[in-house]
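To start, the structure itself, in structure tokens.
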Amino acid sequence: MAANSDFLLTFQEFDSSESHLGGNGDATTISIEDTGAGSHKPQKQRRSAPVTSFEEDNDPLANDDKTELLSGQKRSSPFWTFEYYQTFFDVETHQVRERILGSLLPWPGRNFVHLYIRNNPDLYGPFWICATLVFVIAICGNISDFLVDLGKPQNKYVPEFRKVTIAATAIYSYAWLVPLALWGLLVWRNSKVMNIVSYSFLEIVCVYGYSLAVYIPAVVLWLLPYEAVRWFSIVVALCLSGSILVLTFWPAVRDDQPRVAIAIMTAIMALHILLAFGCKAYFFSTLEDEHTAVDAVVGHGTKSSPTMKMHRTNTMS
């Protein structure tokens, strides 16, 4: 037993494969010796580090992008560059849809800025909502005039393209100048009275822009030649959009003096109502207005007829 164990523990020399397989002509041998350049080296599985090219290491833009992604912060570009304004339109479609639906369904206690805008205020939604409202007002106003003159051979319909310019001036002035004035007023009041809630200029523009979305379907209803339907749509649109403004800006002014807070909210709602009533009165004529104008012309002609007859009688005499 000890002899067998010593035999197993000692190194043994074996004959070459040629001597063992020499008598077997059908045997196949495989050589794994190193044959020079074409040899296969044994591969060892290792976890290799990521390879970074020399160009990527020397590219400052790539390094800046990596740093921006890792830190989670966006670089601030100068205001005269295209990248500066591009960030204002960096918004997803589902975010715009949620903000429009949120502006159509106000709810007490829910702040529109904190719920939908605070993380990513944008100008994409307000810009296209205002543009859509401008063209809807101009087109529907021209169609309304055409329907009023329909069936009157003496009246030839001529489209008024200047309504597009007037509507654009009114809508964009309201959506930009009023937020600018309100933002300046809130900044001034915050310097005197410390308010808990404060908004940036871009957030105020978002609130005003998205609050106008409800007027798009309301203006389409103004095509109907029924004043009751028109005024009903105006009241509903004013209540919905006005609620967004009140629920958003009241927390920003309630810590101020009561008279100042009430004056600010009254001015906000007064301008909002003035925009709705002004668009309704200027761009959409009613059948009652047309009948009143026709009656005035007919009455003026009837009253002038006796005078003309007396003048003719005196001339003949």
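The values are calculated or read from the model by the stated rules, or taken from the named source; none is laboratory data. Only a predicted model underlies this, so the values are computations on that prediction, with no experimental measurement involved. Methodologically, a virtual Cβ is constructed for each residue, glycine included, from the backbone with ideal geometry; neighbour enumeration extends over all protein chains shown. With ligands, DNA and RNA removed, areas are computed over all heavy atoms of the protein, side chains included. Shrake-Rupley method; radii C 1.70, N 1.55, O 1.52, S 1.80 Å.
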Test of understanding: among Leu186, Leu180, which residue is within 24 Å of Arg254 (Cβ to Cβ), at pLDDT 90 or above and open to solvent by less than 40 Å² (accessible area, probe 1.4 Å)?
Leu186
Do we have Val148 as over 30 Å from Tyr282 (Cα atoms), of a type in the set (A, V, I, L, M) and at pLDDT 75 or above here?
no
Of the criteria (1) at pLDDT 85 or above; (2) in contact with a helix residue (DSSP H, G or I) (Cβ under 9 Å, 6 or more places away or on another chain), which one Pro78 fails:
(1)
Return the total of residues in region 208-228 being open to solvent by 50 Å² or more (accessible area, probe 1.4 Å) and in a helix (DSSP H, G or I).
4
Tell me yes or no: at least one residue of region 114-124 is surrounded by 13 or more Cβ atoms within 10 Å (Cβ to Cβ), farther than 22 Å from Trp176 by Cβ and either modelled with pLDDT of 85 or more or not hydroxyl-bearing (Ser, Thr, Tyr) (or both).
yes
Picked from region 93-107 (must be open to solvent by 100 Å² or more (accessible area, probe 1.4 Å) and in a loop (DSSP other than H, G, I, E, B)), the residue nearest to Trp250 (Cα to Cα) is Trp107
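Residues that are surrounded by fewer than 16 Cβ atoms within 10 Å (Cβ to Cβ), farther than 23 Å from Gly109 by Cβ and free of Cβ contacts under 8 Å to residues at least 12 places away in the same chain: does region 250-261 have at least one? Working first, answer last.
Taking region 250-261 as the starting set, the residues that turn out to be surrounded by fewer than 16 Cβ atoms within 10 Å (Cβ to Cβ) are 250, 254-255, 257-260.
From what's left, farther than 23 Å from Gly109 by Cβ: 257, 259-260.
Among the residues that remain, those that are also free of Cβ contacts under 8 Å to residues at least 12 places away in the same chain are: 259.
Yes - at least one qualifying residue is present in region 250-261.
Got a number for residues in region 207-229 being touching a residue at least 40 places away in the same chain (Cβ under 8 Å), more than 15 Å from Phe127 (Cβ to Cβ), aliphatic (A, V, I, L, M) and in contact with a Leu (Cβ under 9 Å, 6 or more places away or on another chain)? Working first, answer last.
Of the residues in region 207-229, the ones touching a residue at least 40 places away in the same chain (Cβ under 8 Å) are 207-216, 219-220, 222-223, 225, 227.
Okay, now just the ones that are also more than 15 Å from Phe127 (Cβ to Cβ), so 214-215, 219-220, 222-223, 225, 227.
Cutting the leftovers down to aliphatic (A, V, I, L, M) gives us 214, 219-220, 223.
Add one more test, that the residue is in contact with a Leu (Cβ under 9 Å, 6 or more places away or on another chain), and what stays is 214, 219, 223.
Within region 207-229, residues that are touching a residue at least 40 places away in the same chain (Cβ under 8 Å), more than 15 Å from Phe127 (Cβ to Cβ), aliphatic (A, V, I, L, M) and in contact with a Leu (Cβ under 9 Å, 6 or more places away or on another chain) number 3.
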Residue, nearest to the chain's Cα centre (by Cα), within region 147-170, restricted to residues that are free of Cβ contacts under 8 Å to residues at least 12 places away in the same chain and in a helix (DSSP H, G or I)
Thr169
Residues satisfying the stated conditions in region 127-159, i.e. over 30 Å from Phe88 (Cα atoms) and either open to solvent by less than 30 Å² (accessible area, probe 1.4 Å) or among the hydrophobic types (A, V, I, L, M, F, W, C) (or both):
Cys140, Gly141, Asn142, Ile143, Ser144, Asp145, Phe146, Leu147, Val148, Leu150, Val158
Which residue pairs have Cβ atoms closer than 8 Å, lie 6 or more positions apart in sequence or on different chains, and pair a first residue in region 178-206 that is of a type outside the set (Val, Ile, Thr) and assigned to a helix (DSSP H, G or I) with a second residue that is modelled with pLDDT under 85 and open to solvent by 60 Å² or more (accessible area, probe 1.4 Å)?
Leu186/Ser198; Asn190/Ser198; Glu203/Arg118
